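Here's the structure, in structure tokens; my notes come after.
The values are calculated or read from the model by the stated rules, or taken from the named source; none is laboratory data. Since this is a predicted model, take the numbers as computed values, not measurements. Cβ sites come from the backbone with ideal geometry, for glycine too, and all protein chains shown count toward neighbours.
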């Protein structure tokens, strides 16, 4: 008796499930640019335990004297994840049109990045006992708070110095478009019309105080955050895409499903800092 297998059955009986490395299909996502990916998690309940050590002090001692014992603190931070998903129904005829599959793939990619960036920056902290989606970076307790930038970068200089005094190595500055526009209008002096950041007519990579600037519309208006990539740990899974004719079989249609599980936390919150940008005319 012949046996049906996935190698001999029609496509409708063996729908594809495709997995992509997140760095390949959504490389522009902030979580990939500004965090240290420490692992991958599957499921709402499991969490990623990230170990770190609060160093004990070393000291000078006299020759031949007994060395006192040190007691470094072995600590951990938990990274909880949430699953971003999108489900797109298409008629079989539309799905079969040239270009539809690639355009849908691009649309889904943009949707995943949009929601990921929104959550990564500004997601409201979950109400216990809920643990996901995790709080966005600006809503994590213990961040260093800087003063507003008002016409110059002095407050940002002070904030970065304060972070470095805490052992931070700042790697990125994330600002919203309106805030970045205000910064670019800072003048070299009260009686000058020249921009503090230069003319801006031949911009390459946006920079502030030698740090790369990432302008992202999902940051709160007129605000920014200085990030130490080594202090932000994340769990990032693969982007999974599947198609099926089963759920919409009666309407001769196709479902395209995309999912991406991510999570993040800050190991030492004092090593990342937030700042505001004064509104024009204030």
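For segment 1-44: of the residues being exposed (fewer than 10 other Cβ atoms within 10 Å of the Cβ) and at pLDDT 70 or above, which is farthest from residue 175 (Cα to Cα)? Only one residue fits best here, namely 43. Is segment 104-121 home to any residue that is more than 22 Å from residue 23 (Cβ to Cβ) and either out of contact with any strand residue (DSSP E or B) (no Cβ under 8 Å at 6 or more places or on another chain) or part of a helix (DSSP H, G or I) (or both)? The answer is no; no qualifying residue exists. The set of residues from segment 46-60 being part of a loop (DSSP other than H, G, I, E, B), surrounded by 10 or more Cβ atoms within 10 Å (Cβ to Cβ) and modelled with pLDDT of 85 or more comprises 46, 47.
Checked across segment 81-93, the condition of being part of a loop (DSSP other than H, G, I, E, B) and surrounded by fewer than 19 Cβ atoms within 10 Å (Cβ to Cβ) holds for no residue. Look at residue 133 and say whether it is at pLDDT 95 or above and closer than 26 Å to residue 32 by Cα. No; evaluated as a whole, the condition is false for this residue.
Note on segment 208-223: residues that are within 18 Å of residue 184 (Cβ to Cβ) and touching a residue at least 60 places away in the same chain (Cβ under 8 Å) amount to 4.
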